[in-house]
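Only one structure is covered here, and it is reproduced in the block below.
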Amino acid sequence: MRAPTKQLLCALFCLSAATLVVNAEIYYEENFDDDSWENEWTYSEHAGIEFGKFVRSSGAFYNDFEVDKGIQTTQDARFYALSRKFTPFSNEGKNLVIQYTVKHEQHIDCGGGYIKLFNCDLEPKQMHGETPYEIMFGPDICGTETKLVHVIFSYNGKNLVMNKEIRCLDDIYTHMYTLIVKPNNTYEVLIDNEKIQSGELEADWNFLPPKKIKNPEVKKPEDWDDRKTIDDPNDEKPEDWDKPKLVSDPAAIKPNDWDDEMDGIWEPPMIDNPDYKGEWKPKQIENPNYKGVWIHPEIDNPEYKSDDKLYLRKEICAVGFDLWQVKSGTIFNNILITDDIELAKEKAEAIWDPRYEGENKMKEALDVEERIKKGLDIETAEDIEFVKDNKEDEDEEDDEEFDKVHDEL
Ligand SMILES: *[C@@H]1O[C@H](CO)[C@@H](O)[C@H](O)[C@H]1NC(C)=O
């Protein structure tokens, strides 16, 4: 009885394995295709904060009105806290890819655009800014100072920010953000499918204390002379050096109508003394006793313990947006959490490339229309034709892109 069962199992299993090509796993994917997200995601009800609402929208300009719909923040000057649990997984021994799109179509002034991954301890209704998370990733913009991509890992109860700064994009179009964490403790960050930062986890975050420290037993010798030059002992201040900084103007003449009784005693105005030489300083000569810069000798740090599993997240169980936005309007979409770098790349190309192009075209056309409506100085006939042509192209392309995206998805 055993053999046929095995065969049957293999037939089923091998078939599905072949369809998946490799053992790629999609842990979570969300494209906000319809309104069902409202039942699956949970708004926080954390006391004392009135959280902002999201609506499903493709925004004011898009490549495809339907496909491009993600969730958009709708209220200014609000905290947002929305999350969703899924079947827990661990990235042990595997790549971890976190990818999603952000569109700040509102000309964002100050606001988060990042995503957080949580373990199963997350209580979605209690989620707030201090809720512990596993990874935080994505753009954060505030004024002209803060324009960066956060990559924060929690480690032994601490949130570790990156030692390098990755700049984010602050324009109004959709951008694809991808974080890849590899089991050999390396990482990559991609924006719009282009690698913009990569390296080793240990080097770019303070997961571990430094490997080497300055030897606390050794001090710089007191007679260590690290002055490269010294005052020339043979140089002396010339006797006629000191002159006042200001002198009375010899060319000034007492005005004819000056009345000593009324105006007080006349004094000529002061001017810079052309003979003034400033403070005297002796000449500098090379220090014959110069020993060079003292280098503090280093020793192995007794506190250092290596960890070859810095990349490891034992349990990832939820994804969420925990943000503050001054000006709302950000659209999040196409969340993908997988172990398959190639798959993520293919999806990113299929989603981002046409969307970015379409959004740009539509925005351009809208801007021209807007200017015409306002009756601004437009070379009317030509520009109106331009708008029309563009629209027609766009409509055709829309259909093509729609089919393409759907096929690929
Ligand atoms: C980490 O693994 C990747 C392959 O996934 C490889 O290209 C890279 O060289 C490895 N890096 C280190 C530091 O081992």
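Looking at the stretch 26-49, which of its residues are touching a strand residue (DSSP E or B) at 6+ places or on another chain (Cβ under 7 Å), in a loop (DSSP other than H, G, I, E, B) and not hydroxyl-bearing (Ser, Thr, Tyr)?
Asn31, Phe32, Asp35, Trp41, His46, Ile49, listed by residue number.
Which of the residues belonging to the stretch 141-177 are of a type in the set (Ser, Thr, Tyr), touching a helix residue (DSSP H, G or I) at 6+ places or on another chain (Cβ under 6 Å) and either within 16 Å of the ligand (Cβ to nearest atom) or not in a strand (DSSP E or B) (or both)?
Scanning the stretch 141-177 gives a single hit, Tyr173.
Here is a yes/no grid of residues against (1) free of Cβ contacts under 8 Å to residues at least 24 places away in the same chain; (2) among the small types (Gly, Ala, Ser); (3) crowded, with 18+ Cβ neighbours inside 10 Å:
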position	(1), (2), (3)
Ala24	no, yes, no
Trp41	no, no, yes
Gly48	yes, yes, no
Lys53	yes, no, no
Asn63	no, no, yes
Asp68	no, no, yes
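Can you say whether Glu92 is within 16 Å of the ligand (Cβ to nearest atom), assigned to a loop (DSSP other than H, G, I, E, B), in contact (Cβ under 8 Å) with a residue 12 or more places away in the chain and surrounded by fewer than 18 Cβ atoms within 10 Å (Cβ to Cβ), as far as the supplied structure shows?
Judged against the criteria, Glu92 is a match.
Are any of the residues in the stretch 133-148 touching a His at 6+ places or on another chain (Cβ under 7 Å), crowded, with 18+ Cβ neighbours inside 10 Å and on the phi > 0 side of the Ramachandran plot?
Checked against the condition, which is being touching a His at 6+ places or on another chain (Cβ under 7 Å), crowded, with 18+ Cβ neighbours inside 10 Å and on the phi > 0 side of the Ramachandran plot, the stretch 133-148 yields at least one hit.
So, restricting to strands (runs of 3 or more DSSP E) that lie completely within the stretch 253-318, which ones have at least 3 residues that are among the polar types (S, T, N, Q) and over 30 Å from Leu122 (Cα atoms)?
Correct list: empty, since no element meets the threshold.
Based on this model, can you work out whether Leu323 counts as in contact with an Asp or Glu (Cβ under 6 Å, 6 or more places away or on another chain), assigned to a strand (DSSP E or B) and not small (Gly, Ala, Ser)?
For Leu323, the condition - in contact with an Asp or Glu (Cβ under 6 Å, 6 or more places away or on another chain), assigned to a strand (DSSP E or B) and not small (Gly, Ala, Ser) - is not met.
Quick check on the stretch 182-207: of everything there that is on the phi > 0 side of the Ramachandran plot and within 14 Å of the ligand (Cβ to nearest atom), which residue is surrounded by the most Cβ atoms within 10 Å (Cβ to Cβ)?
It comes out as Asn185.
Taking the stated definitions as given, is Lys182 without any contact (Cβ under 8 Å) to a residue 24 or more places away in the chain and either within 23 Å of Trp352 (Cβ to Cβ) or small (Gly, Ala, Ser) (or both)?
Against the criterion (without any contact (Cβ under 8 Å) to a residue 24 or more places away in the chain and either within 23 Å of Trp352 (Cβ to Cβ) or small (Gly, Ala, Ser) (or both)), Lys182 does not qualify.
Every number in this text was worked out from the coordinates using simple rules, so none of it is lab data. This one's a predicted model, so the numbers in the text were calculated from it and none came from an experiment. Cβ sites come from the backbone with ideal geometry, for glycine too, and all protein chains shown count toward neighbours.
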